[in-house]
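Presented below is the structure to which this report refers.
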Amino acid sequence: MSTSIINILPDHLANKIAAGEVVQRPESVVKELLENSIDAGATSISITIKNAGKSLIQLIDNGKGMSEEDAVKSFYRHATSKIASYEDLENIRTLGFRGEALASVAAVAQVELKSRREEDTAGTFLRIEGSEIKEQSKCAHQQGTTISVKNLFYNTPARRQFLKSNNTEFKHIYDTVQRLALSKPEIALEFVSDDDTILALPSQHLDERLKNLFGDRHFATLIPVQENTELLSVSGFIGKPDFARKSKVDQFIFLNDRYIVSRSINHAVFSGYEHLVEKGNFPFFLLFIELDPHKVDVNVHPSKMEVKFADEQSIYRIIISVVRKALGGNDITPTVEFNRQSNDFSSLRHSAIPRFYPDSSGQTSGFSASKGSSYGNEEIPFDLTSKLDQIFAQSPGTETITPDDTQTHFQHGTRDSVAQEGKAIWQLHNKYILTQIRSGLMIIDQHVAHERILYERALTRMNNAVPSSQQLLFPQTIQLTPGDYTLTNDLLPFLNSIGFETKPFGKNTFVLEGVPPEVKAGTEANIVQNILDEFKNNQLRVKLDARDNIAKSFSCKAAIKAGEKLGETEMRSLIDQLFATSMPYVCPHGRPVLIKLSLAELDRRFFRT
Ligand code: ADP
Ligand code: MG
C-alpha cells in the first residue's frame, strides 16, 4: 500500500487554482494585460472588449515584444522577466513581477498571442487553451504584442456564473482603464467596447488627460499639489471642498505609478480637509507618490493593490500637510457663479455660465489663475445637474432640486415667482421651510439659504464698493481685546465696504454708527464680535483670503438662525431672494440649501404606484 496520500498537482490544475486569486473577473484580465503592455514600454495601447470582456478582451501594444522562446515561456507559472532574485523584489519598478498573470489567464480562457520584437523578422503566434499550447507558428506582426483572451472562465462554469451583469463588469473594466490612463497620460490609449469607442486618448500631458476623462469643468475645480521631501515626493491634484461627493469613486493614489488602495493615506487626505467637507462627503484627489521602492512592500496581496509602508507615520503626516498647504494656498470658495448681470433664473436653464469669483484685482483667483489660464469671463460648459449630483446626497427618497423645477416655479419676476399665491408654505420646527412645487415638495434650510443670500450680497458690495448701511440712532461703542482691536483695524476696509460704519474710538474701542440693513436691531454690537470670532475660526481652519472670510463670517452670523420663527411673507421673500442668487443650491460652505421630495417618491412610499 502506498504511504503517501499527497499529490503534486499537475501544472494545468495548479494554474487553474492560482487563477482564482489573480483572475477574478474580466477586469482582472484587462488590468494584468495593461500592466504588461506598460511594463513592455508601449507608447500606444488599444483595448477592445466584447460583451463586457466575457467574450473577448484584446490588447494591442507597440511595446518591445517577445522572442518565440519568451512567448512560450511567458505562459509558464512563475515566469517573469522582471525579477531574478530576492533583492530585485525589494526594488520593484515594474507593475508586474509575480509572473503568474499570463499563466493564470491561459488556465481559464482561450488565449491567442502574437508578438514580435524589433530585431526579429517574423513574429510568433500562439494559441493556448486551458494552459495547453494548441498552435505555435510564425506570423507577421508589427513590433509589439497582441493578445486576445476569449471566453473567460469557459472551463470553470462556476466562476462564469458568478460574473455580474455586463453593466457591472464593464464598470469595473472602465475604472481600471481610467486608472491606468491617469497614471500614464503619455501613453496613447484607445478603448473600444462592443464597437463603441469609449476612449481615444492621444499621448498627452496629465492636465489634458484629466480634462478628457473628467471634463474641463471638473478640471477647473482641482487644486494642484506638489511637495518634495526627503522621504517622498507627492504631486497631483485635490478637489476644492465644495465639490466633494458622496462616494469615494474619484480618489486615486498612485505609488511609484502603481494604483494602490491605502486606508492610511485616504485618512490623511481627509484629515487635511478637516472641517472643510461635510462628514460623509469625499473630496476628489489624485496623488502620485514617489517613494524609494525599498521603503515599501508591494507584495502583500496578489492584486498588488495593497502595500505596506516602512514608515507609515511619516507618510501620513506629510500627506496631511501637503493637503492643508494646497487648500490653504488657494481660494476655495464655491467656484460656480451664474451670470450676475441677469437675475433672470432662466439663464440657468439654458446656458448655465459659471464664473470664478474675480478678486479685487480683477484677476481670477485660485487654481485657474495659478495655472495661467483665466476663466474669469470665459464661458465654461457646465452641467449643473452633475454638479448637484456631486454635491448632494442622493439618499433614497430625497432628491435635489434641479434648475428645471425651480425655474418653473420660482422664475424671477413672473407671476409664477415664489409668491406662488395659493400654494401653501410652512415652517417646520422653526428650521425648515416646506413648500409645494410642481413635482412635489421642496425643503429649504432657512439658515443656510439666508447665508447664501447674505454672502453674495456682501461680495457684491465689496466688489462694487457700494456699501449699504443703516445709521444707528444711538451709535454703540464696542470694547475689544487688544488682539481683536488690531484685527478689526486691519479688517476695517472690508467691514466698511459691507456696511459696518465703524471707527476707532480710543483704547481698544470702536464706535459703531451704522450696520448693514440685514443686521437685526439689538444685535449690532454682538454681531461684530461674532464676526471677528468666526473670522478667526475660519482663519485657523482654512486660510481664506480676508475678503472672502469676512463675507462668510458676516453671512454666517447675520443669517436667520435655526429656531427663529418666520412669517409667511418672510418665508416667501427668503425663497425669492434665494433664487435670485447665483447659486441657490449650495451654501458658502458647500452645504446643500435645499432638497426635494418628489410626488413620485411619496406615491411609491404609500404604495400608490
Ligand atoms: P509578470 O508581469 O509578473 O512578469 P506575466 O505573467 O504578466 O508576469 O508576464 C510574464 C512575462 O511575459 C513578463 O515578465 C514579460 O516578460 C512577458 N510579457 C507579458 N506581456 C508582455 C507584453 N505585452 N509585451 C512584452 N512582454 C510581455
Ligand atoms: Mg504581468
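The values are calculated or read from the model by the stated rules, or taken from the named source; none is laboratory data. Model, not experiment: these values are computed from the prediction. Here the Cβ positions follow ideal geometry from the backbone for every residue, glycine too, while neighbour counts run over all protein chains shown. With ligands, DNA and RNA removed, areas are computed over all heavy atoms of the protein, side chains included. Shrake-Rupley method; radii C 1.70, N 1.55, O 1.52, S 1.80 Å.
Overview of values
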| item | result |
| --- | --- |
| Computed accessible area, residue 190, all protein chains, 1.4 angstrom probe, square angstrom | 70 |
| Rounded percent of accessible protein surface that carbon and sulfur make up, the stretch 11-208, 1.4 Å probe | 48 |
| Karplus-derived 3J(HN,Hα), 6.51/-1.76/1.60, for each residue of the stretch 450-458, Hz, glycine and proline x | 5, 4, 4, 4, 5, 4, 5, 4, 4 |
| Rel. contact order, % - alpha carbon contacts under 8 angstrom, at least six apart, the stretch 221-328 | 34 |
| At 1.567 mPa s and 4 °C, Stokes diffusion of the stretch 221-328 via Kirkwood alpha-carbon radius, µm² per second | 93 |
| Accessible carbon and sulfur surface of the stretch 221-328 relative to its total accessible area, %, 1.4 Å | 48 |
| Accessible-area value, residue 305, 1.4 Å probe, nucleic acids and ligands omitted, Å² | 50 |
| Residue-by-residue Karplus 3J(HN,Hα) for the stretch 321-326, coefficients 6.51, -1.76, 1.60, Hz, glycine and proline x | 6, 4, 5, 4, 4, 5 |
| Relative packing of 98-104, 489-495, 478-484, which averages over residues the other C-beta atoms within 10 Å, highest first | 98-104, 489-495, 478-484 |
| The stretch 474-609, relative contact order [Cα under 8 Å, separation at least 6], % | 17 |
| Carbon and sulfur %, accessible surface of the stretch 524-609 computed with the full protein complex present, 1.4 Å | 53 |
| Percentage relative contact order, the stretch 11-208, counting C-alpha pairs under 8 Å, at least six apart | 26 |
| Chain lengthening between residue 533 and residue 70 when straightened (0.36 nm per residue, less Cα-Cα) | 159.7 nm |
| Residue-normalised accessible area of the stretch 151-274, expressed per residue, 1.4 Å probe, Å² | 43 |
| Inter-probe distance in nm under a simple model that places probes 7 Å from Cα toward Cβ, at residue 5 and residue 477 | 9.8 |
| Loop trypsin sites (Lys or Arg not before Pro), the stretch 471-542, which have at most 13 other Cβ atoms in a 10 Å radius of their Cβ (DSSP) | 507, 520 |
